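Participant: The following block contains the structure, expressed as C-alpha cells.
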Amino acid sequence: MSGPEADLCSAKGCQAAATWALSWNNPKIHTPDRRKIWLACDEHKSSLSDFLGSRGFLREVGPHDGTLQPR
C-alpha cells in the first residue's frame with residue numbers, strides 16, 4: 001500500500017493517520033548513526049515519545065512530512 005492511507009500510527013491497535021515521526025535507536029544493538037522511525041497520531045505522540053524516551057532511545061520528533069528518514 002502506498003500514499004497517506006499506508007501511514008498509520010505505530011501505537012498498538014491505532015488506525016489513525018500518522019502526523020508525527022519519532023526517530024530512535026537502541027544504542028545496545030544499533031550503531032550511533034542508525035535511526036528507526038515510529039509514526040504517531042496526535043493522540044499517541046506523547047505516549048510513544050515517553051516510552052522511547054524513558055529507555056533512552058528517542059533521538060528526534062518531527063512532523064510526518066518525510067524529513068525524518070530511517071538510516
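Participant: Output the number of the condition that residue 52 fails; it satisfies all remaining conditions of (1) in a helix (DSSP H, G or I); (2) on the phi > 0 side of the Ramachandran plot.
Facilitator: Exception for residue 52: condition (2).
Participant: Looking at 58, 52, 48, can you tell me which residue is within 20 Å of residue 6 (Cβ to Cβ) and aliphatic (A, V, I, L, M)?
Facilitator: 48 is the lone residue from the list that is within 20 Å of residue 6 (Cβ to Cβ) and aliphatic (A, V, I, L, M).
Participant: Another one. Please enumerate the residues belonging to region 1-49 that are surrounded by fewer than 19 Cβ atoms within 10 Å (Cβ to Cβ), touching an Asp or Glu at 6+ places or on another chain (Cβ under 9 Å) and not in a loop (DSSP other than H, G, I, E, B).
Facilitator: 17 - this is the single residue of region 1-49 that is surrounded by fewer than 19 Cβ atoms within 10 Å (Cβ to Cβ), touching an Asp or Glu at 6+ places or on another chain (Cβ under 9 Å) and not in a loop (DSSP other than H, G, I, E, B).
Participant: Could you tell me which residue of region 1-38 is farthest from residue 65 (Cα to Cα), considering only residues that are in contact with a strand residue (DSSP E or B) (Cβ under 6 Å, 6 or more places away or on another chain) and of a type in the set (A, V, I, L, M, F, W, C)?
Facilitator: Among those residues, the one meeting the criterion is 24.
FYI, it's all coordinate maths here, none of it is from the lab. Every value quoted in this text rests on a predicted model; they were computed, and no experiment measured them. Please note: Cβ atoms are built from the backbone with ideal geometry, for glycine as well, and neighbour counts cover all protein chains shown.
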